[in-house]
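Step one of this worksheet: look at the structure below.
The values are calculated or read from the model by the stated rules, or taken from the named source; none is laboratory data. In this text, all values refer to a predicted model and were calculated from it rather than measured experimentally. Methodologically, a virtual Cβ is constructed for each residue, glycine included, from the backbone with ideal geometry; neighbour enumeration extends over all protein chains shown.
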Amino acid sequence: MGNESGNVWCVERTLRLLLRVWDAAVRAIAKATRIVLVGFSIPPADQHFKYLLSVGLKDNSSLRLVRIVDPRASALRPQYETVFREDQFKYGIASIREQRTADRNVRR
């Protein structure tokens, strides 16, 4: 048998640290003027990320730009619109760019 009290302490400590990281992330998103997502589709199953963004953006009046870069950005737009509002896309605050991150360094 293992040391259950030691395991419980380790789990509790890990949860406290994780909560501090999430709180810091929410505060940073709440003050952000720009958010850039590169290669992240905001999958429907990732409720934690959606919640993190939603809570952080709820009272953010400073947000001026959301740039989403993904090779499938147009196809994924409905997923992005689950977090960012349609009017943010309409008025150019949020925009998508279909490119692979390596494309930027390719000479043409």
Kindly establish whether ARG16 is among the basic types (Lys, Arg), within 18 Å of GLN99 (Cα to Cα) and not in a loop (DSSP other than H, G, I, E, B).
-> no
If you take the residues of segment 19-30 that are out of contact with any Asp or Glu (no Cβ under 7 Å at 6 or more places or on another chain) and closer than 27 Å to GLU98 by Cα, which of them is surrounded by the most Cβ atoms within 10 Å (Cβ to Cβ)?
-> ILE29
Would you be able to tell me the number of residues in segment 76-108 that are outside any helix (DSSP H, G or I), at pLDDT 90 or above and basic (Lys, Arg)?
-> 1
Any idea which residue in segment 81-91 is surrounded by the most Cβ atoms within 10 Å (Cβ to Cβ), counting only those that are without any contact (Cβ under 8 Å) to a residue 40 or more places away in the chain and not polar (S, T, N, Q)?
-> PHE84
Which residues, counting only those in segment 58-80, are farther than 16 Å from VAL38 by Cα and surrounded by fewer than 17 Cβ atoms within 10 Å (Cβ to Cβ)?
-> LYS58, ASP59, ASN60, SER61, SER62, ARG64, PRO78
Scan (1) among the hydroxyl-bearing types (Ser, Thr, Tyr); (2) outside any loop (DSSP other than H, G, I, E, B); (3) touching a Leu at 6+ places or on another chain (Cβ under 8 Å) for the single condition SER54 breaks and write down its number.
-> (3)
